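Asks: What follows is a single structure, and I will ask about it in a moment.
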Amino acid sequence: MKVRDSLNPRTLESFLIDTHCHLEMDAFEQDREEVIKRAHDTGIRSIITIGSDLTGNRGGLELSQKYDFIYASVGFHPHDAKDFTEEIFQQLKAWASEFKIQKPNFPSPPIAKGGHNVGALPKGEQELRAGKVVAIGEIGLDYHYDNSPREIQRDVFVKQLQLAKELDLPAVIHSREAKRDTLEIIARSGVNKGVLHCFSGDMDMAERAMALGFYISIAGPVTFKNAKKLQEIAREIPDNSLLIETDAPYLTPEPFRGKRNEPAYLIYTAQAIAELRGVSLEDISRITALNAMRLFRIGDLPDKGEIAYRIRDNLYLNITNRCTNRCSFCVRFQSDYVKGHNLRLLDEPTEEELEQAIGDPAQYEEIVFCGYGEPLFRLDLVKNVAQWIKLRNGKVRINTNGHGNLIHGRNILPELQGIVDSISISLDAQDKETYDKICKPSFKNAYEGVLSFIREAPKFIPHVQVTVVTLPGVDIRECRRVAGSLGVQLRVRKLDSVG
């Protein structure tokens, strides 16, 4: 796996977060400080070091107190479940209670001082810093090695899940060849937030875990040539359920496979996942950092919606949150975020604000009017900004629900001629009955209006496509026939696939 030569990690929109490693282990004893500095230099914004036994938990806590961008999780690994005692449980509970994170505390990336003690707190402050335990883990079941009897593994897993629920902390779960018991125990526990770390299960397990509120974390093996099943899962996990990790010192990604792993190598796993999903490294960084912030409460989420946001080599313009549909599948009813970008606007942007946010239009493959609303509500703004983009050698696309003529009471397509290069129109269904059920439009004859809009669009805009989402009740074959009868191409989009 080769990271793009031009990439400078320090200029990423977001920094990577290693959600699972073991910096306290003996493998780092000789050069731990250098490892932490390399992580910083590679753009690792935060690290969560995960406890697995009593000594490791103590070491992780000490590191979290020393470095402001390192956090800790406390728990007892299933390998050692046979050694678990009530005394150990009480110690874990005491640590988690005393040092539990109380509020978001997401520092800026640490600044190297003379190449040493990156992000380290002054000695006089170390004992004062609390709020660094962000999870209970590593806990779970391992039926591959069976280093502890399975019944004992299950008992210890249940007890630690109860602790996570009591303290309202997410659970970091290890599950190997224990799909059924892992999912059943989680479901019975009532714990509804956590992560299946270094995921090695199948897609059914991933989907059932996500339905329980858990994230899926992908580690270095996704870079291995023969890891086809894991690569397919990494491709399919929805954006809002994806995390990444190193599990250092284990599971080193290519091109360092066979050597000791470390947080700095997270960038290779991130790049592999980006390529599998057809997005940029910056996109994966932003998406997974946001998810880590949400799950582990280690940062302040962006509180202001973006008016211009980049995905891959396109720039998207979010000009309104108003819409004439209330589609059951629309992400705006589930989240404020698309690929890590907050799109919930407080105010609609002006032309001047959009032009300033765009900068040089020619630097993007396309500039797309597409946000959390129907852009053609603001037709005059779309026309003026599109013309401004075209005068500066940019390409313009509009993503629309096809209600523009209904909104304005006239055929608006001639007004877009010459300033819009392509348009993507949501067909959404094969007939009016299905459309009304899925989209709940404001207009009585919306479906007929959409078909008319699609029929007219090729007369004025060079490239026209229509889209549908794979939903129960949507007949893709019939939608393809409808698109063909209108003389346009159909693009089928999977549910939960946005951006």
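Asks: Output the pairs from 82/229; 339/395; 225/395; 66/193 with a Cα-Cα distance over 29 Å in this structure; if there are none, say none.
Replies: Where the Cα-Cα span goes over 29 Å, the pairs concerned are 82/229; 225/395.
Asks: So, one more: Pull out the extension gain between residue 159 and residue 410, defined as 0.36 nm times the separation in residues minus the alpha carbon to alpha carbon distance; nm, one decimal.
Replies: Between residue 159 and residue 410, full extension yields an extra 83.8 nm.
Asks: With unit charges on the beta carbon (Lys/Arg positive, Asp/Glu negative), name the residue among 399, 226, 73 whose Cα is farthest towards the positive pole of the charge dipole of the chain.
Replies: The one lying farthest along the dipole's positive direction is 399.
Asks: OK, next. If the chain between residue 167 and residue 304 were fully stretched, how many nm would it gain, using 0.36 nm times the residue separation less the Cα-Cα distance?
Replies: Gain on extension, residue 167 to residue 304, equals 46.3 nm.
Asks: Carbon and sulfur: what percent of the stretch 292-432's accessible surface (1.4 Å probe)?
Replies: 43
Asks: What accessible surface, in Å², does a 1.4 Å probe find on residue 421, ignoring ligands, DNA and RNA and rounding to the nearest 10?
Replies: Per-residue accessible area (residue 421): approximately 40 Å².
Asks: In straight Cα distance, which aspartates and glutamates are under 17 Å from residue 132, not counting same-chain residues fewer than 8 positions off?
Replies: Result set, ordered by chain and number: 18, 24, 62, 68, 98, 168, 300.
Asks: Using 0.36 nm times the number of residues separating residue 176 and residue 229, minus their current alpha carbon distance, what extension gain do you get?
Replies: Extending this stretch completely gives an extra 17.6 nm.
Asks: Once R0 is set to 22 Å, what does the formula 1/(1 + (r/R0)^6) return for the Cβ-Cβ distance between residue 256 and residue 31, expressed as a FRET efficiency to the nearest 0.05?
Replies: The computed FRET efficiency comes out at 0.90.
Asks: While we're looking at this one, here's another question. Mind checking Rg over Rh on the stretch 420-499, alpha carbons, Kirkwood formula for Rh?
Replies: That ratio is 0.94, to two decimals.
Asks: Within 10 Å, Cβ to Cβ, of residue 303, how many net charges do the neighbouring residues add up to if Lys/Arg are +1 and Asp/Glu are -1?
Replies: 0
Asks: Hey, another quick one. Tell me the net charge near residue 160. Cut-off is 15 Å between Cβ atoms, residue 160 excluded, with +1 for each Lys or Arg and -1 for each Asp or Glu.
Replies: Local net charge: -3.
Asks: Another question, then. Considering only DSSP states other than H, G, I, E and B, which trypsin sites (Lys or Arg not before Pro) in the stretch 381-433 qualify as loop sites with at most 16 other Cβ atoms within 10 Å?
Replies: Taking the stretch 381-433 and a limit of 16 other Cβ atoms within 10 Å, the loop trypsin sites (Lys or Arg not before Pro) found are 392, 410.
Asks: Any idea what the dipole of the chain comes to, in debye rounded to 20, about its Cα centre with Lys/Arg Cβ at +1 and Asp/Glu Cβ at -1?
Replies: So the magnitude is around 1160 debye.
Asks: Ordering 444, 159 by accessible area with a probe of 1.4 Å, largest first, what comes out?
Replies: My answer, sorted largest first, is 444, 159.
Asks: For the chain, count all C-alpha to C-alpha pairs, find those more than 40 Å apart, and express that count as a whole percent of the total.
Replies: Of the Cα pairs, 30 percent sit more than 40 Å apart.
Asks: Related question: Ordering 184, 478 by accessible area with a probe of 1.4 Å, largest first, what comes out?
Replies: 184, 478
Asks: Can you run phi through the Karplus equation (6.51, -1.76, 1.60; θ = phi - 60°) for the stretch 317-330 and list ³J(HN,Hα) in whole Hz, with x for Gly and Pro?
Replies: Here the 3J(HN,Hα) series is 10, 9, 9, 7, 9, 7, 8, 9, 10, 10, 5, 4, 9, 5 Hz.
Asks: Which of the aspartates and glutamates could a cross-linker span from residue 228 if the Cα-Cα distance has to be under 19 Å and same-chain partners fewer than 8 positions apart are dropped?
Replies: 177, 202, 204, 207, 236, 245, 254, 275
Asks: Sort out for me the Cα centre separation of the stretch 205-236 from the stretch 323-371, rounded to whole Å.
Replies: Cα centres, the stretch 205-236 to the stretch 323-371: 29 Å.
Asks: If you don't mind, there's one more thing I want to ask. Counting Lys and Arg as +1 and Asp and Glu as -1, each charge on the Cβ, what is the dipole of the stretch 382-499 about the Cα centre in debye, to the nearest 20?
Replies: Rounded to the nearest 20 debye, it is 360 debye.
Asks: Let me ask you something else. Report the calculated FRET efficiency for residue 187 and residue 336 (r = Cβ-Cβ distance, R0 = 30 Å), to the nearest 0.05.
Replies: My answer for the efficiency is 0.60.
Asks: Placing +1 on the Cβ of each Lys and Arg and -1 on the Cβ of each Asp and Glu in the chain, which of 439, 197, 156 has its Cα farthest towards the positive end of the resulting dipole?
Replies: 439
Asks: Let me ask something else about it. Between residue 144 and residue 444, what FRET efficiency comes out of the Förster formula 1/(1 + (r/R0)^6) with R0 = 45 Å and r the beta carbon distance, rounded to 0.05?
Replies: The pair residue 444/residue 144 has a calculated efficiency of 0.15.
Asks: So, one more: Among DSSP beta bridges lying fully in the chain, give the percent that are antiparallel, nearest 5.
Replies: Just about 15 percent of them are antiparallel.
Asks: For 92, 391, 495, give the ranking by accessible area with the largest first, probe 1.4 Å.
Replies: The ordering from most to least exposed comes out as 391, 495, 92.
Asks: Among residues other than residue 198 whose Cβ falls under 10 Å from its Cβ, what is the net charge (Lys/Arg +1, Asp/Glu -1)?
Replies: Every neighbour counted, the sum reads -2.
Asks: Would you tell me the accessible area of residue 52, worked out with a 1.4 angstrom probe on the heavy atoms of the protein chains, in Å² to the nearest 10?
Replies: Result for residue 52: roughly 10 Å² accessible.
The values are calculated or read from the model by the stated rules, or taken from the named source; none is laboratory data. What you are looking at is a predicted structure, and each value in this text was computed from that prediction instead of being measured. Quick reminder, even Gly has a Cβ in these numbers, built from the backbone with ideal geometry, and neighbours come from all protein chains shown. Only protein heavy atoms, including side chains, enter the accessible area calculation; ligands, DNA and RNA are left aside. Shrake-Rupley method; radii C 1.70, N 1.55, O 1.52, S 1.80 Å.
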